[in-house]
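What follows is one structure encoded as structure tokens, with my remarks underneath.
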Amino acid sequence: MLKWLDILKYANNGTPQPKNKVVKSESEWKQMLTSEQFHVTRLKGTERPFSSEMCHLFTGGRYACICCGSLLFDATEKFESGTGWPSFTQPIEENAVSYVKDKSYGMVRIEALCNTCDAHLGHVFQDGPPPSCLRFCINAVSMVKVDPNLNKVTFGGGCFWCTEAVFQHLEGVVEVVSGYSGGRTKNPTYKEVTSGMTGHAEVVEITYDSHKISLYDLIIIHLTTHNPCTLNRQGADTGTQYRSIVFYRNEAEKQTITLAVQEVQASMMEKIVTEVQLFEMFYPAEAYHQNYFNQHAEQSYCQFVIAPKLEKFKQLYKDKIVKNQEL
Ligand SMILES: [Zn+2]
């Protein structure tokens, strides 16, 4: 548990390094954030006290950085300070928040920043409740509340229209978004990705309820509903944008994914070539790509390529499909 002396030590000598660093230009942050979020997080602004419902929110869950999504605080450390800003007694990890001496306005205060992306969060004071006696006074706009059971996984296995259509039917899957990941180009367009020059793969980002479906099961389903043994190709679709790939967000996920790959490999004649990579960024695809199969079921690609895959999926995973849903 961090105490005031630790905070001073970190402010003087630097906070332990985060797992990864997210660095973006001012214009990139501007594109991603609302003007208020940008003002507070990137220009060290302060929101009006009592301006957010988050002050009075005490349900379970975690709070993540609005800029980079890194987890910052757990709801169990949140308390009613009466100040009008969400207040916590402890960060979620020792290296989640970084600390800097702030001498603005003729005071010396300790500024709290996201250690991953340097977003300004607020300040830390030594008048919090025991045992840490710390009060992290945080701007609500610099955070987003994360449901404790909702997790994300991002993977690709050829054309994202197909992958999306499969995962939309699973019990426990809350949202499926088609997009691009794993490449170099920022905010790529579909046209750029299909050129194969951006390094991105067509992927889906799945939000799932880990109480209803596990990451392990999702990976097994993914690996058995596309061909993970063909390099940079899925049926007639060829190019690195169609490569088989799974992204992990931490070491535990990497281990789970590796185990799932080994499990599926045991029943395969050929070697699985699926890339397992650290997740960095996901760029949602253009609106007309979302929910594609359901919107364009009559199109020949949907009828001849996606529909048979869905049929195979339906046979394999009868017990995991959302009840009352017609395929
Ligand atoms: Zn951040």
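The values are calculated or read from the model by the stated rules, or taken from the named source; none is laboratory data. Here the structure is a predicted model, which means the values were calculated and not measured. Neighbour counts run over all protein chains shown; Cβ positions are idealised from the backbone, glycine included.
For V174, the requirement of being in the same structural domain as V305 (by TED's automatic domain parsing), under 19 Å from H289 (Cα atoms) and not in a loop (DSSP other than H, G, I, E, B) is met. In this structure, does T274 turn out to be of a type in the set (S, T, N, Q), surrounded by 17 or more Cβ atoms within 10 Å (Cβ to Cβ) and either at pLDDT below 90 or within 27 Å of the chain's Cα centre (by Cα) (or both)? The answer is yes for T274.
Only one of the numbered conditions (1) within 16 Å of the ligand (Cβ to nearest atom); (2) not in a helix (DSSP H, G or I) is violated by V141, and that is (2). Of all the residues in region 57-74, those that are more than 13 Å from the ligand (Cβ to nearest atom) and surrounded by 17 or more Cβ atoms within 10 Å (Cβ to Cβ) number 3.
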